[in-house]
1. Of all residues being at pLDDT 80 or above and of a type in the set (Ser, Thr, Tyr) in segment 72-126, which is nearest to GLY45 (Cα to Cα)? Just the residue, please.
2. Do the conditions hold for ILE29, that is, is it part of a loop (DSSP other than H, G, I, E, B), modelled with pLDDT of 80 or more and surrounded by 10 or more Cβ atoms within 10 Å (Cβ to Cβ)?
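The values are calculated or read from the model by the stated rules, or taken from the named source; none is laboratory data. Remember, predicted model here, so these are calculated numbers, not experimental data. Ideal geometry is used to build each Cβ from the backbone, glycine not excepted, and the neighbour counts take in all protein chains shown.
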Amino acid sequence: AHAAAATAAAAAKVATGAPSAAPRRTVKIGRPGYSVTKQVDPVTGGRSLLFQIDYPDIDENLQPRHRFMSSFEQRKEKPDAAWQLVLFAAEPYETIAFKVPNDAVYKDEPGTAADAAKFFTHWDADTKTFCMQIVFRPRSEEEQREHAARQAQAAAVALAAKDINPVPPDDGARAPTA
């Protein structure tokens, strides 16, 4: 059904003469340089991450983009509800992603000027450095207990998997190599 709808939409574009937007085909020049700084607010206990990404060869008129992605959207690893991804993209560089906890993040919300100051992005066109700080909302005591229980369960599963497939002991009886 989805394929039929896509075919019908394509036929409608051809019939009306509407231009189709072709994806940009640029040669990627590699990954940008970056640094990530972990911080903890001593008063609230809130955790934050500061991303600093260098794009020395970006075009003059371009600015990097970022986006949060659920672990269920990506296809590289098995989805895990405890994590989310932060993606950074700028032509002609490859898109890079960082795995961060899937906790609530302070963002621009109406009427919360103090919260808006905790999440910020900045593009410095002179040094060609993109900065983004994300501050995670502190967990309630109940959320902390649930998180600790999930971590303990994941550790138990990993330990059980290791016991099922133990590494054979090295007894020194190897075949000679030629």
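1. THR121
2. For ILE29, the condition - part of a loop (DSSP other than H, G, I, E, B), modelled with pLDDT of 80 or more and surrounded by 10 or more Cβ atoms within 10 Å (Cβ to Cβ) - is met.
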